[in-house]
Amino acid sequence: MQMKRRNFIKFLVGGVAGIQLTPLPWKFTDDVAIWTQNWPWVPVPPVGAVTKEKTVCSLCRGACGIEVRKIDNRAVKIEGRSDYPVNPGGICPLGMGGLQLLYNESIRFTSPMKRVGPRGSGVFMDISWDEALDILSGRISKLRKKGHPEALAAIDGNPNESTMALMVERLLKAVGSPNYVSMPSVGDTCSMVNYLQQGTGEMMAYDLENADCILSFGSGLLEGWGSPGRVLNAWGLWHDAHAKEKAVIIQVEARASNTASKADFWITPKPGTEAALALGIAHVLIKDRLCNVSFIENYCFGYHDWKSLDGQEHKGFKSMVLDEYSPQQVAGITGLQADKIKSLAHEFGKAKAPIAICGKGKGSLNGSLYEFMAIQSLNALVGNINKPGGVLVHEAMPLSDLQKLKNDQISLRGLKKQRLDQAGTSKYPFTNSLINNFLDAILKRHQSPVDTLLVFKANPVFTLPDTTACYKALKKIPFIVSFSPFKDETALMADLILPDHTYLEKMDDLVCPPGLQYPFYGLTKSVVDPVYNTENTGDAIIRLAKKIGGSVAESFQWPEYEDVLKTRASGLYSNGKGLVGYDASHPVWKMQKAGNRAAPDYSTFEEMWEAIKTGGFWFTAKHNYQNYSSIFKTPSKKFEFFSLRIKSAIDIAAKQKPLKKVLKDLGVAKNADEACMPHYSKDESSQDSTEYPLFMMPYEMINLASEWAPNPPFSNKTLLDNQLRNDESFTDINPQTAKANDLKQGDRVIIKSLAGRIKVRVNITEGAMPGIVYLPLGFGHTAYDEFLKGKGVNPNDIITTNRDPVSGQIVWWNTAVKLIKV
């Protein structure tokens, strides 16, 4: 089945257990046309020449290629591109609706502003860019003059690999603050797993198109996971009626999502027990000899029991799994039948190119470290590491480093101060950023240690768990500066607004989209002139640094942000390989598997750069498969089932406090060896409770924005009336749960947790697991306009902040709740 736009809605609203198509509750096309005529901010386009501009969508991290149709200088339509390698013509509903974010004055800041009303009221007055930058530079200069540059902090939602993220972190380091904090994402956990088990901190690279068995642990393949256009196209390939062998899709998920409903096998373990299931599958693979023995014996460490240099005996992965994770033992943990676990393992182990993937929902939320390690261990057991159809291992993208910082004594002293979030310390040695700890540090002190907070491409007041705690923490900060182009919840708390362009009005890069199996560099461009008096944040940072002066200004010598992007991109040319053109008849996944050795399609750096600016991308299909003797950068130089880096961290921590306390902090009940390997441990939050007997699980939908960017209003028309009716959203619960709480379809109910309470309506469905309350992420805005504000409830308002014991990162799942009938 080809994944074209006409077929997309079939995937969007397909039902459970074989129902392939459910009609929309409205006559979609006609209604949208009528509905949108009443929007005053959607003027009729003028008569003029029709042109098309090619660029890249950055509403999520997927970096899908888009083509914008224009009449004169007004954009009128967004479509997917077929001359672009990532998403061959496909695009998600949010990408289609990008124009509604560009032209909607009621949700955008139209110029720099300063607050003149109470914080959070959204009452601002327009000011000039020079005045705005003078206010901020003056405040930062005063902090430096007082010897407290560390009182400047930033919350950044830009992807870690992006040039913009480097610019924001560079600004803080130039000023002298270590308190650069990034928003959590699944990439944080994936990079940590790769660092611990493979030795490189790069993102996971899944060769989905060449796999023949996809074992997905909650990944929303039809909900916007990874690059949505790419994955939707891959789904079509897996079900191609003309394919010689069809791929088998196994979805491990407690809820009947679109992905689960349309998978070949739907496996429903209790939420939070996925690590145990993965290890149960590993048990069967080992016991029934379905492993790749050659790969394990030659290129893996810690599979067998081993002895360290000090003579101490250590338990290996094989012994632990065989002793503790038999199908019968795992059945008791997960609620699955032992025979189902065995058959699942055989389906996976007997495939030619099986791949296990992780990252729940859209893959935007980070997860459990040990769970992700257990899932990656399955790929190692079948030897499908760095092979076609498997998990590929890449070096870091060949982007050039920026010039060395010019630090003065003030900044050097500030950078020696400990980070407020404790990331990178002996307590969290593998973590780069912990926003939950950052906010806790502010809440716990009588006076905020942060004087000035800069917020970039992030809306933590809406997207983080326990929104009330986040709001209270930000409220304590004396001065907040938002660089958001949108009037989001966090921006309304700001004292100063320096609005960015939207992605259709500026140049910026997207590096290595999540899950993509080949090195890729995307570049957006301005397809229309800026609609309002906004400015590319990269240019604003350069201007700000120059106003601060001294060594800070010396660290930002570029004339404009495009020069910074060009500097980094020079590394792509120096790498000596890569392409800036794409022929859709030769998909990259086929080129890569065939061992493509095509020479670069450019001769000079300037030719390459101009082609990237025009076409929006650079990629390379060249890959050195297997190469096991050199790809692993772990201490053992092998894939590690037993992480020597975790062992080293435990040894260091044990010198400061008792080993038993160290293991308890890691959530390990048995021994230090277990802490170094993927394992399952029951979260205290999942214990039975008489007061809060149920658990709430958030979920994501492809047609509802749940990250930083607002939802395009037209997407509301794709929602079913058991998802949003008027201004009320719904919770999905099982008939058993409904009966136990005396609820019927459409009833109003309060969902209460330790963090707060929200009121929703009830949707009773067999697709929900008994005992679980499901809520969609993306509703419940208190900001923006009438089409977004007050529509439904935000699950983050009641999610308690559970944390992974090793990484310290937020884990969104399993908040204990109770239902109160209204």
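Since every read-out is calculated from the coordinates, none of them should be taken as a lab result. All of these numbers come straight from a predicted model, not from anything done at the bench. No Cβ is skipped: glycine too gets one built from the backbone with ideal geometry, and neighbour counts run over all protein chains shown.
Projected label points at Leu412 and Asn627, each 7 Å from Cα along the beta carbon direction, are separated by 3.9 nanometres. Working note: Karplus 6.51/-1.76/1.60 with θ = phi - 60° gives segment 482-489 the couplings 10, 9, 6, x, 10, 7, 7, 4 Hz, where Gly and Pro are set to x. Let me make sure I get this right: for segment 694-821, a, b and c are the square roots of the gyration tensor eigenvalues over alpha carbons, sorted descending. Under 1.5 in a/c it's rounded, otherwise prolate if a/b > b/c, else oblate. Which is it? Oblate is the answer for segment 694-821, as a/c is 1.5 or above yet b/c matches or exceeds a/b. Set the bar at 32 Å for Cα to Cα. Now go through Lys444/Lys752; Lys487/Lys664; Lys318/Lys417; Lys362/Lys593 and name every pair that lies beyond it. In this structure, Lys487/Lys664; Lys318/Lys417 lie more than 32 Å apart at Cα.
Among the chymotrypsin sites (Phe, Trp or Tyr not before Pro) in segment 475-550, none is located in a DSSP loop while being surrounded by at most 10 other Cβ atoms within 10 Å of its own Cβ.
Taking label positions 7 Å along the Cα-Cβ direction at both Ser319 and Gln656, the computed distance is 3.0 nm, reported to one decimal. Within the chain, antiparallel bridges make up roughly 55 percent of the DSSP beta bridges whose residues both belong there.
What 222 nm value per residue comes from the helices of the chain, counting each DSSP H run with n ≥ 4 as -39,500 (n - 2.57) and dividing by all residues, nearest 500 deg cm²/dmol?
Result for the chain: -8500 deg cm²/dmol, rounded to the nearest 500.
Distance between the pseudo-spin-label points of Lys547 and Asn716 (7 Å out from Cα toward the beta carbon): 3.7 nm.
Quick one: work out the % antiparallel among DSSP beta bridges in segment 694-821, nearest 5. Restricted to segment 694-821, the bridges split so that about 60 percent are antiparallel. Of the GluC sites (Glu not before Pro) found in segment 681-756, the ones in coil according to DSSP and having at most 12 other Cβ atoms within 10 Å of their Cβ are Glu691. Backbone phi angles across segment 444-454, fed through the Karplus curve with coefficients 6.51, -1.76 and 1.60 (θ = phi - 60°), yield HN-Hα couplings of 6, 9, 4, 10, 4, x, 9, 8, 9, 10, 9 Hz in residue order; Gly and Pro are listed as x.
Proximity of backbone amide H atoms, modeled 1.01 Å from N, is registered between Asn802 and Val811 at under 5 Å, excluding neighbours fewer than 5 places apart on the same chain. Put simply, the amide H of Ser555, placed in the peptide plane, has neighbours under 5 Å in Lys406, leaving out anything fewer than 5 places away on its chain.
For the chain, rounded, prolate or oblate, judged on the Cα gyration tensor with a ≥ b ≥ c (square roots of eigenvalues), a/c < 1.5 rounded, else prolate if a/b > b/c? Rounded, because the longest to shortest axis ratio a/c is under 1.5. Between Ala356 and Leu215, Asn379, the built amide H atoms are under 5 Å apart, and every one of these is 5 or more places off in sequence or on another chain.
What trypsin sites (Lys or Arg not before Pro) in segment 409-463 are in a loop by DSSP, with at most 10 other Cβ atoms within 10 Å of the Cβ? Working shown, then result.
Working: sites: Arg413, Lys416, Lys417, Arg419, Lys427, Lys444, Arg445, Lys457; in loops: Lys416, Lys417, Arg419, Lys427, Arg445, Lys457.
Sites meeting the loop and neighbour criteria: Lys416.
Here the Karplus relation 6.51 cos²θ - 1.76 cosθ + 1.60, evaluated at θ = phi - 60°, turns the backbone of segment 150-160 into coupling constants of 5, 6, 8, 9, 9, 10, 10, x, 5, x, 4 Hz, with x for every Gly and Pro.
Stretching the chain fully between Ser128 and Lys146 yields a gain of 3.7 nm (0.36 nm per residue, less the alpha carbon separation).
The residue among Ile155, Val168, Ser137 whose Cα reaches farthest toward the positive pole of the charge dipole of segment 133-199, with charges on the beta-carbon of Lys, Arg, Asp and Glu, is Ser137.
Placing unit charges on the Cβ atoms only, positive for Lys and Arg and negative for Asp and Glu, gives the chain a dipole magnitude near 1120 debye about its Cα centre. I'd like the distance separating the alpha-carbon centroids of segment 433-507 and segment 742-763, in whole Å. Here the two parts' Cα centres lie 29 Å apart.
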